[in-house]
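Here is the structure we will look at, set down as structure tokens.
The values are calculated or read from the model by the stated rules, or taken from the named source; none is laboratory data. Quick caveat, the model's predicted, so the values are computed rather than measured. Glycine also receives a Cβ, built like all others from the backbone with ideal geometry; neighbour counts cover every protein chain displayed. Areas reflect the complete protein model, heavy atoms only, side chains present, ligands, DNA and RNA absent. Shrake-Rupley method; radii C 1.70, N 1.55, O 1.52, S 1.80 Å.
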Amino acid sequence: MILGIDEAGRGPVIGPLTLCGVWVSDHGQRKLRKLGIKDSKAFGSSDRARRERARLAGEVRLAATHITLLCVDAAEVDRRVRLGELNLLEQELAEAVIRDGPEAHRIVADGERLFSPLAERHPRLRARNKADQTSVAVAAASIVAKHERDTLFAEIAARYEPEFGPLGGGGYINPATETFLLAYFHRYRELPSEVRRSWSWQLLQDL
């Protein structure tokens, strides 16, 4: 049994951060490889990519022995960033994932610098850079985490679309997000509740 751990949504300025753990047996790993499971970022950010991630997330749920999915909203991300604890937050989420499921013979987490401190308490854990490209369990966790992040952001976008039109850009720092935030602030003189105010983006400081 191997446990793969990965997150999605660390970088965006709008929306939550998600972290997922996927437990798979040898048989499950073989099945996921045949399905072409790979790093979620490899699919891109188009509507077609989101649909493909959604389909594969369903396949992962069928092949996995156990899945734990955690979500942290923008307000909590802000609180931990202001304390200088964003990495610690992700480490705590990873430990919560490890505790939630069955015992794994191996644990692989994506991000050597980020997750290697956990190895002291979890000797079976290996933190590796680009593990989502070398471990099918981590790639599966990446897809499930990203699909959940896609779903939650789509709900955010749907809330604002009637008033501001389609919200593109995925909540990342880009022209589409800037256009939305400027329009929202111009109308309400404040930022939407889903915005991470702790991000060092000049637009946020100006507003």
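Summary of computed values
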| item | result |
| --- | --- |
| Candidates ARG149, ARG113, filtered to the one that is in contact with a Cys (Cβ under 9 Å, 6 or more places away or on another chain) and not β-branched (Val, Ile, Thr) | ARG149 |
| Of all residues making up the range 119-138, the number that are under 19 Å from the mean Cα position of the chain (by Cα) and either among the charged types (D, E, K, R) or open to solvent by less than 90 Å² (accessible area, probe 1.4 Å) (or both) | 9 |
| Boolean, ILE143 is out of contact with any Phe, Trp or Tyr (no Cβ under 7 Å at 6 or more places or on another chain), surrounded by 21 or more Cβ atoms within 10 Å (Cβ to Cβ) and within 18 Å of GLY9 (Cα to Cα) | yes |
| Failed item, numbered, when ASP39 is tested on (1) in contact with a Leu (Cβ under 9 Å, 6 or more places away or on another chain); (2) within 10 Å of ILE143 (Cβ to Cβ) | (1) |
| Matching residues, the range 152-163, being under 27 Å from ARG53 (Cα atoms) and either in contact (Cβ under 8 Å) with a residue 40 or more places away in the chain or out of contact with any Leu (no Cβ under 7 Å at 6 or more places or on another chain) (or both) | LEU152, PHE153, ALA154, GLU155, ILE156, ALA158, ARG159, PRO162 |
| Test: ARG149 is open to solvent by 40 Å² or more (accessible area, probe 1.4 Å), in contact (Cβ under 8 Å) with a residue 60 or more places away in the chain and not acidic (Asp, Glu) | no |
| Scope the range 172-184; condition surrounded by 10 or more Cβ atoms within 10 Å (Cβ to Cβ) and not in a loop (DSSP other than H, G, I, E, B); matching residues | ALA176, THR177, GLU178, THR179, PHE180, LEU181, LEU182, ALA183, TYR184 |
| Those residues of the range 104-133 which are assigned to a helix (DSSP H, G or I), within 14 Å of LYS41 (Cβ to Cβ) and either among the β-branched types (Val, Ile, Thr) or out of contact with any Ser or Thr (no Cβ under 6 Å at 6 or more places or on another chain) (or both), in sequence order | ALA131, GLN133 |
| Given (1) out of contact with any Phe, Trp or Tyr (no Cβ under 8 Å at 6 or more places or on another chain); (2) at pLDDT below 95, index of the condition LEU19 fails | (2) |
| Output for the range 185-207, where each listed residue is hydrophobic (A, V, I, L, M, F, W, C) and in a helix (DSSP H, G or I) | PHE185, LEU203, LEU204 |
